[in-house]
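The values are calculated or read from the model by the stated rules, or taken from the named source; none is laboratory data. In this text the structure is predicted, and so the values were computed from the model without any measurement. Note that each Cβ is placed from the backbone with ideal geometry, even for glycine, and that neighbours are counted across all protein chains shown.
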Amino acid sequence: MTSQRIPLDRLLEGLRSHVDATAELVSCDRLSGGANQETYRVETKCSGATRMFAVRRSVGGQSKPAMPGYPGLRAEARLMTAARAAGVPEPEVYWIFDDADGIGEGFVMQWLEGETLGKRIAQAEHLAGARQRLAFECGEILARIHSIDVDASGLRDLLHAIPPDAYLEQTYARYRAFDSPQPMIDYTHRWLRERLPSRPQLRLVHNDFRNGNLMVAPDGVVAVLDWELAHIGDPMRDLGWICTNSWRFGRSELPVGGFGTYDDLFRGYESVSKEPVDRDRVKFWEVFGSFWWAVGCLEMANAYRSGIDPGIERAAIGRRSSECQIDCVNLIIPGPVEILSPSEAKTTGDLPSAIEILEATTRFLREEVMSATKGRTAFLARVAGNALDIVRREAAVGDRHRAEQRERLRAILGHDGDLETLTRELAERLRDGALALDHPGLAAHLRQTVANQVAIDQPRYSGLKTAIGV
């Protein structure tokens, strides 16, 4: 099948066969697109009444080989069905496409209403009541997910089994392949490797259970979304991931998704599982979450540099690795940091300085381009403005930041060299174990380096505020 459009005649025929023989199609609107799937809102008349459905389909309807670790849309539908049967809030799946349907890989499910944007879930006034119980409810839901029998449900053959040691080393191997030494990532890998969970019982893991992948209404969770990373692994991975600072949307004081506490999450989990939560394992996976996303951001940078996706968005996300690294700092080597103050911009006679040109260009993007465009163009204009802010901040403090890194590295490694060479050597010594994690000056160097990099990349990031005690 080569068509990029969903075949409406085939869709209607299937709705009549699998859902309601009286169905009449009113509209079929594509809501969003991504690298791997499409989402549609379908409105019908069934027995004279309006009825809504959601369709998830592979891009263009193609049954492409699954990306590594991705179980595929048919498996996603099976996962949602099993979760719904276990008491997890999920839409009902009505129809899973097969090859004879001529639509591609995908499925039709119940249409549900609710908020899915993480920042709104964490901050919107109309969800204030839901937030009071939301962390506890998330704990209950996760316990139900982890209780699903993967053999009885037929899921075992559809999913990869990934024990903690394999997950850690797979992630680290991806980072090493980029050849972009980030010593804090190497340090965190060592810390995690020394604290690997000891033979946890492997169960069904959602693997992306977080604020932003939940649909929430004023009375609580309506649905758990995006099962595309599900696997069989350590269930504490899910509890650690929802606590990762990247998914708190600025509300770092509330570790569970920016809306709740550890205690509420764990009480909810224990109330259903009847098993005590291993808090050390949850912390391991919370650290792993920031480690994993730090590598994921570098993967975006690699996609930009390789030419796979030369757009501004990939390049900008690459600079967010420092945010995840400061979260690792805060979790495993907290301590004092000093943020460099920007130097005064130098002028060149009557000509505008480079900093002034950057500021003018940024204003143009934000005040003129964004107001004159919409959709993705306006979004990318905002991204470009933010990227120029990074360039401006780096111009103000970058030379001092690099010089101080070099001086600290000379003291740690015991010899001179350029910054790139010394940084690479530090990473290699951490990788081969030649340098102890408690080596004098190492933790302070990593804290200072990462904190000042975040101050350049995103000074408003909540993890930086935590690091400097604001």
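Mind checking which residues of the range 228-256 are closer than 22 Å to residue 76 by Cβ and small (Gly, Ala, Ser)?
230, 233
Among the residues of the range 418-456, write down those that are among the charged types (D, E, K, R), in contact with an Asp or Glu (Cβ under 7 Å, 6 or more places away or on another chain) and within 17 Å of residue 400 (Cβ to Cβ). Break it down into steps so the answer makes sense when it comes.
In the first step, residues of the range 418-456 are kept if they are among the charged types (D, E, K, R); the result is 418, 420, 424-425, 428-429, 431-432, 438, 447.
With in contact with an Asp or Glu (Cβ under 7 Å, 6 or more places away or on another chain) added as a condition, the list becomes 431.
Those that are among the charged types (D, E, K, R), in contact with an Asp or Glu (Cβ under 7 Å, 6 or more places away or on another chain) and within 17 Å of residue 400 (Cβ to Cβ): none in the range 418-456.
Taking the range 71-117, which residues are among the small types (Gly, Ala, Ser) and within 14 Å of residue 224 (Cβ to Cβ)?
Taking the range 71-117 as the starting set, the residues that turn out to be among the small types (Gly, Ala, Ser) are 72, 75, 77, 82-83, 85-87, 100, 102, 104, 106, 114.
The answer is 77, 82, 83, 85, 86, 87, 114.
Can you tell me which residues in the range 308-331 are modelled with pLDDT under 95 and either touching a Cys at 6+ places or on another chain (Cβ under 7 Å) or in a helix (DSSP H, G or I) (or both)? Spell out how you get there, then give the answer.
To start, the set of residues in the range 308-331 that are modelled with pLDDT under 95 comprises 308-320.
The answer is 312, 313, 314, 315, 316, 317, 318, 320.
Working only within the range 89-126, note down all residues that are under 24 Å from residue 246 (Cα atoms) and either more than 24 Å from the chain's Cα centre (by Cα) or crowded, with 21+ Cβ neighbours inside 10 Å (or both).
Result: 118, 121, 122, 125, 126.
Go through the range 332-360 and give me each residue that's in a helix (DSSP H, G or I) and modelled with pLDDT of 95 or more.
Result: 332, single match.
Of everything in the range 45-59, what is under 24 Å from the mean Cα position of the chain (by Cα) and in a strand (DSSP E or B)? Give them in sequence order. Even if it seems obvious, please write down each step before you answer.
Filtering the range 45-59 for residues under 24 Å from the mean Cα position of the chain (by Cα) gives 54-59.
If the condition is that a residue be under 24 Å from the mean Cα position of the chain (by Cα) and in a strand (DSSP E or B), then 54, 55, 56, 57, 58 are the ones that fit.
State whether the residues of the range 292-303 include one that is more than 19 Å from the chain's Cα centre (by Cα) and either touching a residue at least 24 places away in the same chain (Cβ under 8 Å) or assigned by TED's automatic domain parsing to the domain that holds residue 257 (or both). Can you show your working first?
As a first pass, look at the range 292-303 and keep what is more than 19 Å from the chain's Cα centre (by Cα): none.
Within the range 292-303 (the criterion being more than 19 Å from the chain's Cα centre (by Cα) and either touching a residue at least 24 places away in the same chain (Cβ under 8 Å) or assigned by TED's automatic domain parsing to the domain that holds residue 257 (or both)), the answer is no, since none of the residues qualifies.
State which residue is nearest to the chain's Cα centre (by Cα) when the search covers only the range 178-190 and only residues that are modelled with pLDDT of 95 or more and not hydroxyl-bearing (Ser, Thr, Tyr).
Pass one, the range 178-190, residues modelled with pLDDT of 95 or more: 181-190.
Those still in the list that are not hydroxyl-bearing (Ser, Thr, Tyr) too: 181-186, 189-190.
Details: 181: 22, 182: 19, 183: 22, 184: 19, 185: 17, 186: 20, 189: 19, 190: 22 Å.
Restricting to residues being modelled with pLDDT of 95 or more and not hydroxyl-bearing (Ser, Thr, Tyr), the top hit is 185.
Name the residues in the range 423-470 that are in a loop (DSSP other than H, G, I, E, B), of a type in the set (A, V, I, L, M) and modelled with pLDDT of 95 or more, would you?
If we filter the range 423-470 for residues that are in a loop (DSSP other than H, G, I, E, B), which is where we start, we get 432-441, 458-461, 469-470.
Still in the running and of a type in the set (A, V, I, L, M): 434-437, 470.
Selection gives 434, 435, 436, 437.
Given the criterion of a type in the set (Gly, Ala, Ser) and surrounded by 16 or more Cβ atoms within 10 Å (Cβ to Cβ), identify the matching residue among 403, 395, 436. Full working, then the answer.
Details: 403 fails: surrounded by 16 or more Cβ atoms within 10 Å (Cβ to Cβ); 436 fails: surrounded by 16 or more Cβ atoms within 10 Å (Cβ to Cβ).
Unique residue meeting the criteria: 395.
Would you please name the residue that is farthest from residue 237 (Cα to Cα), looking only at residues in the range 265-279 that are small (Gly, Ala, Ser) and over 26 Å from the mean Cα position of the chain (by Cα)?
Kept after step one, since they are small (Gly, Ala, Ser), are these residues of the range 265-279: 268, 271, 273.
Remaining after also requiring over 26 Å from the mean Cα position of the chain (by Cα): 271, 273.
Details: 271: 19, 273: 15 Å.
Result: 271.
Could you list, in sequence order, all residues of the range 254-271 that are in a loop (DSSP other than H, G, I, E, B) and either closer than 16 Å to residue 212 by Cβ or at pLDDT below 95 (or both)?
254, 255, 257, 258, 259
Do we find a residue being closer than 22 Å to residue 431 by Cβ and in contact with a strand residue (DSSP E or B) (Cβ under 9 Å, 6 or more places away or on another chain) anywhere in the range 167-188? Spell out how you get there, then give the answer.
The first filter runs over the range 167-188 and keeps only residues closer than 22 Å to residue 431 by Cβ, leaving 167-188.
Those left that are additionally in contact with a strand residue (DSSP E or B) (Cβ under 9 Å, 6 or more places away or on another chain): 167.
For the range 167-188, residues closer than 22 Å to residue 431 by Cβ and in contact with a strand residue (DSSP E or B) (Cβ under 9 Å, 6 or more places away or on another chain): present.
Please go through the range 319-344 and pick out each residue that is of a type in the set (Gly, Ala, Ser) and buried (at least 20 other Cβ atoms within 10 Å of the Cβ).
Going residue by residue through the range 319-344, those that are of a type in the set (Gly, Ala, Ser) are 321-322, 335, 341, 343.
Hits for the range 319-344 are 321, 322.
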